[in-house]
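K.L.:
Shown below is the structure under consideration.
The values are calculated or read from the model by the stated rules, or taken from the named source; none is laboratory data. Keep in mind the model is a prediction, meaning the values are calculated, not measured. Don't worry about glycine lacking a Cβ; one is built from the backbone with ideal geometry, like all the others, and counts go over all protein chains shown. Ligands, DNA and RNA are excluded from the accessible area calculation, which covers all protein heavy atoms including side chains. Shrake-Rupley method; radii C 1.70, N 1.55, O 1.52, S 1.80 Å.
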Amino acid sequence: MSKLGTLGARLHRGEIGYDFVKNRKIWYSVSILITILAIAGLAVRGLNMGIEFQGGAVFNTPKNTSASVSQAEEYAEAASGHDAIVQKLGDGSLRIQVAGIDTGAANEIKNTLAGDLKIDSEQINAELVGPSWGEQIANKAWQGLGIFLVLVVIYLAIAFEWRMAVAAFVALIHDITITVGIYALVGFEVTPGTVIGLLTILGYSLYDTVVVFDSLKEQTKDLTKQTRWTYSDVANRSINSTLVRSINTTVVALLPVAGLLFIGGGVLGAGMLNDISLSLFVGLAAGAYSSIFIATPLVADLKEREPAMKALKKRVLAKRAQSAAQGGTEVDDEETYADEPEGDAAPAVVGPRNQPSSRSRGRGRPSGKRR
């Protein structure tokens, strides 16, 4: 078995583990800082909306056009009076995109470009997009996002509970904000492809979160019938037991997306690949982070506000203090955890005082010789 596989098995059995829930304030602070930076970037620079959302025109020149990208950009900006985006395609043709212009002026701009580029105007293909159509696309995108979030909250509230639905909703908003903020900072154009990528990464983020929530739901059945583990302990175990799986699925998903972003978009200069791959790359990474460091610790925070869980935490801490006072012996606990979660699911928690005692010593019996 590989080292990563061995590590995953040990994490699942609770032999080792990192206390994600205990350090939740650190993760919250990091997320708040990143979110503030994303919002600041969005407020200062704004989004570079494509012509599909604000209207404009796209001019495609014939193959092997002699003008360079910088020259074509200067010509287009001079002819239209607006900023232009120029891309050189694989066959040597140029794609000149000018947003925010009146479609009625497209023919005049086309003729001016033809004269500057020294080609026949009939050889330039113009595609026009009206601003009303772009507004409809934007409205449909917002409607789709809103419907998606509402359905997710309803489903999670039914399948799990409302606290998990709230935590998943916060994690999704976290992922959307970071992705949109990075789009603003980088200056990539927002197109329908961007919206497709954004909705796709929400599905990935939700998948990782639901996997942890499902494990947590199974391990917290009859939790209040025992006095060995708090809700946070079990939540931490759920994260650790699915940690390697989450990392593996995220890395496998990121590799082809990174290929699209850095090779397809960076080397080949394919604009549509940039639009989709950047949102996928940032969103997948943010989704994996939020499912581990945000969603489950937030559920533990909300759950331990309940009176029953508060009482359980008091009993657990009192028992641990009593055990420590008796020299590290485990106090007899006649109650069983249904009798503990299946599959040796005692929560993995950092720290020797939280580690389950060896089964060979017997439950409720001090270690060492009897007196």
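K.L.:
Scan the stretch 140-197 for residues that are more than 17 Å from residue 50 (Cβ to Cβ) and outside any helix (DSSP H, G or I) and jot them down.
P.N.:
160, 161
K.L.:
Return yes or no: is residue 181 closer than 26 Å to residue 245 by Cα and surrounded by 14 or more Cβ atoms within 10 Å (Cβ to Cβ)? Lay out the reasoning, then the answer.
P.N.:
Values: closer than 26 Å to residue 245 by Cα: no; surrounded by 14 or more Cβ atoms within 10 Å (Cβ to Cβ): yes.
Taking the combined requirement at face value, the residue does not satisfy it.
K.L.:
Under 8 Å between Cβ atoms, which residue pairs at least 6 apart in sequence (or on different chains) link something in the stretch 243-272 that is closer than 29 Å to residue 20 by Cβ and open to solvent by 60 Å² or more (accessible area, probe 1.4 Å) with a partner that is β-branched (Val, Ile, Thr) and at pLDDT 75 or above?
P.N.:
Listed by first residue and then by second, the contacts come to 245/211.
K.L.:
Moving on to the next point. Residues 364, 328: which one is surrounded by fewer than 17 Cβ atoms within 10 Å (Cβ to Cβ), modelled with pLDDT of 50 or more and in a loop (DSSP other than H, G, I, E, B)?
P.N.:
Within the list 364, 328, the selection yields 328.
K.L.:
Residue 110 fails exactly one of the following numbered conditions: (1) modelled with pLDDT of 85 or more; (2) closer than 30 Å to residue 167 by Cβ. What is the number of that condition?
P.N.:
(2)
K.L.:
Within the stretch 201-226, take every residue that is open to solvent by 20 Å² or more (accessible area, probe 1.4 Å) and β-branched (Val, Ile, Thr) and give me the one that is nearest to residue 301 (Cα to Cα).
P.N.:
220
K.L.:
Next question. Of the numbered conditions (1) closer than 21 Å to residue 34 by Cβ; (2) surrounded by fewer than 18 Cβ atoms within 10 Å (Cβ to Cβ); (3) of a type in the set (Gly, Ala, Ser), residue 308 satisfies every one except a single condition; which is it?
P.N.:
(1)
K.L.:
Need pairs with beta-carbon distance below 7 Å; first residue within 18 Å of residue 256 (Cβ to Cβ) and assigned to a helix (DSSP H, G or I) and within the stretch 279-291, second of a type in the set (Gly, Ala, Ser) and open to solvent by 10 Å² or more (accessible area, probe 1.4 Å); sequence gap 6+ or separate chains.
P.N.:
Cβ pairs passing all conditions: 281/258; 284/253.
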